[in-house]
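Reviewing the structure listed below.
The values are calculated or read from the model by the stated rules, or taken from the named source; none is laboratory data. Predicted, not measured: the structure shown is a model, and the values here were computed from it. Cβ: placed from backbone, ideal geometry, glycine included. Neighbour counts: every protein chain shown. Surface areas here come from the heavy atoms of the whole protein model, side chains and all, with no ligands, DNA or RNA. Shrake-Rupley method; radii C 1.70, N 1.55, O 1.52, S 1.80 Å.
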Amino acid sequence: MIQNAIKTRVVGVDISLERTSIGIIDIRGEIIATDCFVTSEHPYIGDYLSVLCEHILNLVEANGGYESIRSVGMCSPSGNYRTSSIENAPNMPWKGVIPLAAMLRDRLGMAVALANDAHAMAVGEQTFGAAHGMRDFAVISLGHGMGSCFFSNGIVHLGNDGFAGEVGHTCFIPNGRQCGCGKRGCLEAYTAANGIVQTAQEILAERSEPSMMRNVERLSPKVIQDLCELGDELAIETYRRTGYYLGVGLANYASILNPEAFVFTGGISLAGKWLFEPANEAFEEHVFHNTTGRVKFMASTLENRTRNMLGASVLAWGVKEYSLFK
């Protein structure tokens, strides 16, 4: 078979609780055009799918048409690369198993790949970001949840059913805090957004000294971070405890994986020294002794939405091509 032309662009889609971001990305990783809409405004999957298709169609038609588009890659919390479905996502509005890639493929007439957002982040970091050239590393995403994906000997490890890397749902404290997954004591319940706020509330209840956090109507990790910068001792203690929890959890992870580095992504990673100095201290204290001092903590150098779309584009290049528009 003689093929006279190749398709030089793909569509990358990043689905998060707040926003769905869409990009047209070329073979060199250049983002040609982007669009977005609010995910949470569409709690029914059928409505969401219709809006997603409309945005993809409009973006593609405004930027060269279908002739140049090879495939679509998507990432989402609880996305499973092996089944191309979103499966029982605790923090998303759609429950159960959603075969989103197949649903979108049927509507668009193009090949679609879907994976966990942490998987796409890791692929994006290895291809375009801080993990470029690394063979053994893990990406840790800290936001509404705590996601993870790790590479072993240069290959992403998915596990038997596609759920490898769920460090956020390892049991950190037996019978501890309620987690969004339905279990108790998960590491995510102490290191993700709601867990940080709960830690702050516990500290405020335990201690009597003044804190600007007491006057905040709606606490969030970003507000607490800003108060750390202003020298608020209880805000600093909130991130110190969170860092301790994170460091101990990652010490267990590293003792099993033996990675070269952890690459941190997500909004909570922007807390910087307030989170990572206590995390690194706790990590070194608890990790297997032969690993002490050998694992790098690295912040992603890519903007969150950009990295996720780029990672999704890598997934799109890897899926077997299929199109009704050849």
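Quick one: how many lysine pairs in the chain have C-alpha atoms under 25 angstrom apart, if they're 8 or more apart or on different chains? Display every interim value, and only then the final one.
Details: Lys7/Lys320; Lys7/Lys326; Lys95/Lys183; Lys222/Lys273; Lys222/Lys296; Lys273/Lys296.
The result is 6.
Please report the antiparallel percentage of DSSP beta bridges with both residues in the stretch 1-144, rounded to the nearest 5. Provide the component values of the computation, followed by the final result.
Values: 18 of 29 bridges.
In the stretch 1-144, approximately 60 percent of DSSP beta bridges are antiparallel ones.
Rounded to the nearest Å, what's the spacing between the alpha carbon centres of the stretch 247-265 and the stretch 171-223? Just the number, please.
Using only Cα atoms to place each centre, the spacing works out to 22 Å.
For Gly145, which sequence-distant residues (separation of 5 or more, or a different chain) have an amide H within less than 5 Å of its own amide H, given hydrogens modelled in the peptide plane?
Under 5 Å from the amide H of Gly145 lie the amide H atoms of Ala193, each far enough along the sequence or on another chain.
Can you tell me what share of the DSSP beta bridges in the chain is antiparallel? A percent to the nearest 5 is fine.
Given both bridge residues lie in the chain, the antiparallel proportion sits at roughly 60 percent.
So, with a 1.4 angstrom probe, what is the percent of accessible area on the stretch 39-104 that is carbon and sulfur? Kindly include the intermediate steps, with their values, before the conclusion.
Details: 1390 of 2670 Å².
Of the solvent-accessible surface of the stretch 39-104, carbon and sulfur hold 52 percent.
Could you tell me the center-to-center distance, by alpha carbons, between the stretch 1-58 and the stretch 300-323 in angstrom?
If we compute the Cα centre of each part, the gap is 10 Å.
Which net charge results when you count Lys and Arg as +1 and Asp and Glu as -1 among the other residues whose beta-carbon is under 13 Å from that of Asn153?
Value of the local net charge: -1.
Over all pairs of distinct alpha carbons, what does the Kirkwood formula give as the hydrodynamic radius of the chain, in Å?
20.5 Å
Work out how far the C-alpha atoms of the stretch 196-269 reach from end to end along every principal axis, then list the three figures in whole Å, largest first.
For the stretch 196-269, the Cα extents along the three principal axes come out at 43, 23, 19 Å.
Suppose accessible area is computed on protein heavy atoms with a 1.4 Å probe; arrange His119, His42 from highest to lowest.
His42, His119
Going 7 Å from the Cα of Asp136 along its beta-carbon direction, which residues of the stretch 292-313 have the amide nitrogen within less than 20 Å of the resulting point?
292-298
I need to check one value: relative contact order of the stretch 76-161, counting alpha carbon pairs closer than 8 Å and at least 6 residues apart, in percent.
Value for the stretch 76-161: 22 percent.
For the stretch 73-217, what is the accessible area per residue in Å², given a 1.4 Å probe and the full set of protein chains?
Dividing the accessible area of the stretch 73-217 by its residue count gives 42 Å².
Place the peptides 161-168, 123-130, 68-75, 285-292 in order of packing, highest mean first, counting for every residue the other Cβ atoms within 10 Å and averaging per peptide. It would help to have the intermediate numbers written out before the result.
Values: 161-168: 19.2, 123-130: 23.1, 68-75: 24.6, 285-292: 13.6.
My ranking of the peptides, most packed first, is 68-75, 123-130, 161-168, 285-292.
What net charge is computed for the residues neighbouring Val287, neighbours being all others with C-beta under 13 Å from the C-beta of Val287, Lys and Arg scored +1, Asp and Glu -1? Spell out each step's value before the answer.
Working: positive: Arg294, Lys296; negative: Glu281, Glu284, Glu285.
Net charge around Val287: -1.
Calculate the translational D of the stretch 263-326 in whole µm² s⁻¹ from Stokes-Einstein, where the hydrodynamic radius comes from the Kirkwood formula applied to all Cα pairs, the temperature is 25 °C and the viscosity 0.890 mPa s.
Estimated via Stokes-Einstein, D reaches 165 µm²/s.
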